[in-house]
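The values are calculated or read from the model by the stated rules, or taken from the named source; none is laboratory data. Note that the structure is a prediction, hence the values are computed from the model and not measured. Using ideal geometry, Cβ is built from the backbone for each residue, glycine included, and neighbour counts are taken over all protein chains shown. Remember, those area values only see protein heavy atoms, side chains included, never the ligands or the DNA or RNA. Shrake-Rupley method; radii C 1.70, N 1.55, O 1.52, S 1.80 Å.
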Amino acid sequence: MIRIEKEEGKIIVNIDYSFNIVSIVMSIIEWAVIAFLAYRVYKRLSAKPKVWKVILVFFVGLFSFTINMEWFHTLVKIPILPLGVWILYGVLNRKEDRWDNYRRFAWIGFLANFIFLAGTLITIPIHSLIYPENELSTYISETKEASINIIHPSGEGRTLDQKELKKQLSEGEQVEFDSEIWYQEMYMESDNSKNKNERFPYQVIDTTPKWGSGQNPDIYMESDGKGILVSTPKTQYYFRLSQSVLEGLY
């Protein structure tokens, strides 16, 4: 999103690239569909209940027993039992005609769970198409302010070649890796853990992900300047470059 700051009499506009534009657009569509359904039902009622009560009934109707599962690193909630509808029936059915006035909105609330589910299932392939997970340029699109921090004593005092990194973003090749093998190599090469070599002694900072991707990963660089590990809250990706992007290493 956009953040405006004042610094030494100057106005600085910072744009946050970490928002997920696909999810935002899909959420707008989902709520538009729900609002349309509720409006159609409301217009057909001869005795129209108060709007705030309709909204309350809708949100209670959202409550449901769900089964959670992970699909392509995304949490998917599958609604099973309409708990909110049952609660509303137990409360509203005590008075004549009250349940009849609100039951449609309660069921729209439960139906909304399936609309959200459909939105999630549609969002996943669309997001993957626009922001491929196997392309380094998804996680790093701008390198003008990029630099490296040494996060392990085995790292040498190198500097990041921003132009070379920018040039190779589209060429970075994703490579499968086994973190267990990396761990064994690191700890078995030396009996003294304090002197062991760290595979990723550098952290790349101040990079910019692709606009609207919703990505805000931690990025680590291999000691040879050719390997980049992208760590997201969901998973990790390892990319190899053809040339080192650390100045002094070729």
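Note on the stretch 39-53: residues that are open to solvent by 90 Å² or more (accessible area, probe 1.4 Å) and part of a helix (DSSP H, G or I) total 5.
Restricting attention to the stretch 29-62, the residues that are over 13 Å from PHE105 (Cα atoms) and touching a residue at least 24 places away in the same chain (Cβ under 8 Å) total 4. When ILE140, ILE148 are checked against the criterion of being buried (at least 16 other Cβ atoms within 10 Å of the Cβ), in a strand (DSSP E or B), modelled with pLDDT of 90 or more and of a type in the set (A, V, I, L, M), ILE148 stands alone in meeting it. What number of residues within the stretch 232-249 satisfy the criterion of being out of contact with any Ser or Thr (no Cβ under 6 Å at 6 or more places or on another chain), on the phi < 0 side of the Ramachandran plot and open to solvent by 30 Å² or more (accessible area, probe 1.4 Å)? Final tally of qualifying residues: 8.
Table: residues versus (1) in contact (Cβ under 8 Å) with a residue 40 or more places away in the chain; (2) closer than 16 Å to ASP224 by Cβ.
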{"position": "LEU121", "(1), (2)": "yes, no"}
{"position": "ILE124", "(1), (2)": "yes, no"}
{"position": "HIS127", "(1), (2)": "yes, no"}
{"position": "PRO132", "(1), (2)": "no, no"}
{"position": "ILE140", "(1), (2)": "yes, no"}
{"position": "SER147", "(1), (2)": "yes, no"}
{"position": "GLY155", "(1), (2)": "yes, yes"}
{"position": "ASP161", "(1), (2)": "yes, yes"}
{"position": "GLN168", "(1), (2)": "yes, yes"}
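When each of LYS234, LYS210 is tested for being touching a helix residue (DSSP H, G or I) at 6+ places or on another chain (Cβ under 8 Å), basic (Lys, Arg) and either under 30 Å from MET69 (Cβ atoms) or modelled with pLDDT of 90 or more (or both), the lone residue that passes is LYS210.
Once the stretch 151-179 is narrowed to residues that are open to solvent by less than 70 Å² (accessible area, probe 1.4 Å) and hydrophobic (A, V, I, L, M, F, W, C), the residue that is nearest to THR235 (Cα to Cα) is PHE177. Which residues, counting only those in the stretch 180-207, are at pLDDT below 90, in a loop (DSSP other than H, G, I, E, B) and of a type in the set (Asp, Glu)? Within the stretch 180-207, GLU189, ASP191, GLU198 meet the criteria.
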